[in-house]
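The values are calculated or read from the model by the stated rules, or taken from the named source; none is laboratory data. A quick note: this is a predicted structure, and the numbers were derived from the prediction, not measured. Quick reminder, even Gly has a Cβ in these numbers, built from the backbone with ideal geometry, and neighbours come from all protein chains shown. What goes into the accessible areas is simple: the full protein's heavy atoms, side chains included, and nothing from ligands, DNA or RNA. Shrake-Rupley method; radii C 1.70, N 1.55, O 1.52, S 1.80 Å.
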Amino acid sequence: AMGYDATTAGNHEFDHEGGGFAQMLQAAVRSGDDLPALLMANYAPAPDNPEALEIRRAMAAYGVQDSMLLERGGVTYGIFGLMGEDSHDCAPTSGFVLEDRADSAQRCVDSLREQGAQFIICLSHSGTSEKRRDSEDERLAREVEGIDLIVSGHTHTTLEQPITVGDTYIVSAGPYCENLGSITLSW
C-alpha cells in the first residue's frame, strides 16, 4: 500500500514461527496485489526445521531473493536485505538460521557490482545504537567494502542526520511509520 519497491524481513515476521511466516507469504501471493520484492540474503530455514519445505515453497512462490537491481533516473541501484544478530535473537522460534552478515553482504555487493549496480543499498533489520559496540549497522559498514547506503531498522532509532562510516551512509526513520525518511545524495 505504501508503494515500496523492496523490503526485508525482521523479527516480527516470525512472531508465529517459520510456519506463520510461510502463511503470510502465501496470503500475500494469493491477494493478487502488487508486492514489493522481499530481500533476505542471510536468513533461511534451518535444514532440521520440520516446516523447512513448506517455508521454502512459500518463499519461492513469493519470489524471495537475496538482492535485486533497480533502475531509477538513469542510475542502477543494487539492493539487498539482511537480518541482524539481535533481531535473530528476538525471533527464537523462527526455525531459521542466521548466516554471517558481513560475508553475506560482501557476496551481495560483489555480485551486484558485477551485474552493473552503480549504487549499493542494504535494507538492514539490524539497527544502530549510541553504544558503538552494539551498533550492528555501523559495524557492518566498517566490515564490508562497497555499501553506499544502509537503511537501518530494528532498534527504532530516529536519525535526524545520517551516520557516516567511511563512504557508507546509515539512515533510520524510526518506528511504526511515524516518519518518512528521505535522503538526497550526489556523486
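Values computed for the structure shown
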quantity	calculated
Nitroxide proxy distance, nm - points 7 Å out along Cα→Cβ at E178 and E160	1.5 nm
In degrees, nearest ten, helix 101-114 long axis to first principal axis of the chain (Cα)	70 degrees
Net length gained if the chain between S186 and M2 were fully extended (0.36 nm per residue, minus Cα distance)	63.7 nm
Dipole magnitude of the stretch 65-170 about its Cα centre (Cβ charges: Lys, Arg +1; Asp, Glu -1), debye to nearest 20	160 debye
Gained length - R72 relative to Q26, 0.36 nm times residue gap less alpha-carbon distance	13.6 nm
³J(HN,Hα) computed for each position of the stretch 42-55 - Karplus, 6.51 cos²θ - 1.76 cosθ + 1.60, integer Hz, glycine/proline x	9, 9, 8, x, 5, x, 8, 6, x, 9, 4, 5, 4, 5
The chain: relative contact order in percent, alpha carbon pairs under 8 Å with at least 6 residues between	18 percent
Net length gained if the chain between L35 and E130 were fully extended (0.36 nm per residue, minus Cα distance)	30.8 nm
Carbon + sulfur, % of accessible area of the stretch 102-187 - ligands and nucleic acids excluded, 1.4 Å	46 percent
